[in-house]
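Working notes for the structure below.
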Amino acid sequence: MAPTRKAISARGLGRRFKDEWALRGFDLEVEPGTVHGLLGPNGAGKSTAVRVLTTLLRHHEGTAEVAGYDVATQGSEVRYRIGLVGQNAAVDEILSGRQNLRLFGCLYHLGGRAAARRADELLERFGLSDSGDRPVGTYSGGMRRRLDLAAGMILAPPVMFLDEPTVGLDPRGREEVWSAVRDLVDDGTTVLLTTQYLEEADRLARTISVIDTGRVIAEGTPTELKTRIGGDRIDVVLTDGTALDRAAALVAEATGHPVDVDLEGRRLSAEVDDRVAALTRSVRVLDEEAVGVADVLLRRPTLDEVFLHLTDSGEHSPNTTTEVAR
Amino acid sequence: MSVTRTHPSTSETPVPVRPRGPLSRARWAVTDGWTVAGRDLVHWTRQPWEIGFGLLFPVLMVLMFVYLLGGSMSVPDGGDYTEYLMPGMFAMAMVFGLGETVTAVTMDAARGVTDRFRSLPMASSAVVVGRCLADMLRSTLALTVLVGFGMLVGWRWHGTFTEALAGFGLLLLLRFALVWIGVYVGLLARGQGAVSVIQTLEFPIGFLSNTFVATATMPLWLGTIADWNPMSSTVAAVRGLFGNPVAGGDTWITQNAPLMAVVWPLLLVAVFAPLCVHKYRNLSG
């Protein structure tokens, strides 16, 4: 047996539901000890990919190995080496945090005493010692998710899958989870993180795969992707919708980039290369031409724009990706 | 918190015991099943009202049928209605367990607990076996409570102790079959809707049988359907074993109630247990 060097490796993975392919020609390579982000909108196939890689779902095409074992034929070996946390993995609401961790510890075949000791350790480590004996139903969202992480950490698995671990959490809960994830990586765990939030992938991941309609459409470090996607953007909201066209021309000239026009929101949006200078120029010309401005802001590109850019660019059209996959 | 978090080093992390060979695998399957069932036992102690209500409901049904409706009920071959009713109510308590099974299975699926279990290296049968153990325990408790209450309202068994044990055995066998139907429906539906459907169906299933009235009093076609309701075979067989009025009929199915009280549940298990295992292994969505 010669385990591969990669922590996760998938080639041409495909899974269909009835006639719909949720995942097709999906390729992924994750280096051990790193965080890899799987970034994509709802329905892009992120969860399907995670469910196949964690042996919860069988795939119809391709091959996948996790921690050196084939997910289709060596499922049990894989399950000893992974932890799963997120929207589809959960804890028992009626049991206390401690009882949950002991239960899962027993199901990992640690034996009662070791399971109890491990539960105490993990509660301590995830800052849940004080609330360890309360029913999980009384926990905050962030605490629940941390308990979820702890449950996934019982065997200190080499590979952790976090499926949208911060969905539905308030900013504080999100920070708690992010800090727990960083701790995991410090201990040498490989993490595959799915998210819809660019910011989350940016903060945590060393490498990112952008996934859409079941396949990877772009890959790279956050910086590489951002450069490809383009820089920051300026948004201008007008007080008067009839001035949109005239204002769009002015902003296009001030930024040197094409302008997206949102009629309903009376909003113009354009890429900027030199942030504050572009903002100053835009505001000045709009002011000189007496166009009423309700709001101006500089911001990072949104995920929508990332996708628009990636699908428009043509350099990573679905066809090309499929060819590479085969 | 002023405490600095110290990480336990990876060398301290516990090592799981791995099953080696079929014997150890079988042992783990049983242990894992117990572990999963143990979760339900903790639920009971933490939410006693929930199980309490489940135990109370059949008791209310008995009160209703014995005192509200019992006065106008007559048993065809003569005999006391309470004596006739109670074995039917015991079986009814088993049928009510079906809703409890479906509820538990759909809740675990909806909250992701099922997926968590499936991502663990535990015996793949353990979730279903654990469900089965917990539900059987709960129904045994329900049956015990109802037997005690039946005796309070005047029901007695007249046969030998062995016959009584056989009667309770048949009731629990019916429950055992219903566990597998419940697990399958719960895995299939994965929604709260299934629970409502099943809980609504429990009553027609119960009424379309010999539970409350003799099937001979029904129109022939309806009576025939009621006679072939697996529940009817159990109820008739249990009445016979307890020495309560049977009021059966002279058709093959009513004459062979004791046989069918064993065959029906085994048949249901033979159909639904493999379906459950298959469904559990291939859960999707």
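The values are calculated or read from the model by the stated rules, or taken from the named source; none is laboratory data. What you see is a predicted model; the values in this text were computed from it and never measured. FYI the Cβ positions are ideal-geometry reconstructions off the backbone, even for glycines, and counts take in every protein chain you see. These accessible areas exclude ligands, DNA and RNA; they are computed on the full protein's heavy atoms, side chains included. Shrake-Rupley method; radii C 1.70, N 1.55, O 1.52, S 1.80 Å.
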Considering only the stretch A:99-130, state which residues are surrounded by fewer than 23 Cβ atoms within 10 Å (Cβ to Cβ), among the charged types (D, E, K, R) and either at the interface with another protein chain (Cβ under 7 Å from one of its Cβ atoms) or closer than 22 Å to A:Leu169 by Cα (or both).
A:Glu121, A:Glu124, A:Arg125, A:Asp130
Of the criteria (1) touching a Ser or Thr at 6+ places or on another chain (Cβ under 7 Å); (2) within 11 Å of chain B (Cβ to nearest Cβ); (3) crowded, with 21+ Cβ neighbours inside 10 Å; (4) at pLDDT 90 or above, which one A:Pro135 fails:
(3)
In the list A:Val296, A:Val261, A:Val285, which residue meets the criterion of being closer than 14 Å to A:Gly241 by Cα and surrounded by fewer than 17 Cβ atoms within 10 Å (Cβ to Cβ)?
A:Val261
Against the definition (free of Cβ contacts under 8 Å to residues at least 12 places away in the same chain, within 30 Å of B:Ala273 (Cα to Cα), among the aliphatic types (A, V, I, L, M) and crowded, with 22+ Cβ neighbours inside 10 Å), how does B:Leu120 come out, yes or no?
yes
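Just to check your reading of the model, which residue among A:Val85, A:Val78, A:Val91 is at the interface with another protein chain (Cβ under 10 Å from one of its Cβ atoms), in a strand (DSSP E or B), in contact with a Phe, Trp or Tyr (Cβ under 9 Å, 6 or more places away or on another chain) and closer than 20 Å to B:Thr114 by Cβ?
A:Val85
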For a quick check of your reading: which strands (runs of 3 or more DSSP E) sit entirely within the stretch A:1-69 and have at least 3 residues that are within 14 Å of chain B (Cβ to nearest Cβ)?
A:8-17, A:20-30
Kindly provide the set of residues from the stretch A:235-251 that are surrounded by fewer than 18 Cβ atoms within 10 Å (Cβ to Cβ), under 12 Å from A:Glu289 (Cα atoms) and touching a residue at least 40 places away in the same chain (Cβ under 8 Å), ordered by number.
A:Arg246
Test: B:Gly88 is closer than 30 Å to B:Thr217 by Cβ, in a helix (DSSP H, G or I) and either more than 20 Å from the chain's Cα centre (by Cα) or modelled with pLDDT under 90 (or both):
no
Identity of the residue in the stretch B:203-222, touching a residue at least 60 places away in the same chain (Cβ under 8 Å), open to solvent by 10 Å² or more (accessible area, probe 1.4 Å) and assigned to a helix (DSSP H, G or I), that ends up farthest from B:Ala247 (Cα to Cα):
B:Ile205
Test B:Ala123 against the stated conditions and say whether it is within 14 Å of chain A (Cβ to nearest Cβ), small (Gly, Ala, Ser) and in a helix (DSSP H, G or I).
no
For the stretch B:36-48, which positions are part of a helix (DSSP H, G or I), open to solvent by 30 Å² or more (accessible area, probe 1.4 Å) and within 8 Å of another protein chain (Cβ to nearest Cβ)?
B:Val42, B:His43, B:Arg46
Given (1) surrounded by 12 or more Cβ atoms within 10 Å (Cβ to Cβ); (2) part of a loop (DSSP other than H, G, I, E, B), identify the lone condition not met by A:Ala290.
(1)
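Could you look through the stretch B:223-262, keep only residues that are touching an Asp or Glu at 6+ places or on another chain (Cβ under 8 Å) and part of a loop (DSSP other than H, G, I, E, B), and pick out the one that is surrounded by the most Cβ atoms within 10 Å (Cβ to Cβ)?
It comes out as B:Asn244.
Yes or no, residue by residue, for (1) charged (D, E, K, R); (2) touching a strand residue (DSSP E or B) at 6+ places or on another chain (Cβ under 9 Å):
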residue: A:Asp19; (1), (2): yes, no
residue: A:Arg24; (1), (2): yes, yes
residue: A:Leu38; (1), (2): no, yes
residue: A:Leu84; (1), (2): no, yes
residue: A:Leu110; (1), (2): no, no
Over the stretch A:36-58, the set of residues open to solvent by 40 Å² or more (accessible area, probe 1.4 Å) and closer than 26 Å to B:Met122 by Cβ is A:Arg58
Pairs only if they're at least six apart or on different chains, beta carbon under 6 angstrom, first in the stretch A:134-156 and in the same structural domain as A:Thr189 (by TED's automatic domain parsing), second of a type in the set (Val, Ile, Thr) and assigned to a helix (DSSP H, G or I); list them, first residue then second.
A:Arg145/A:Val177; A:Ala156/B:Thr10
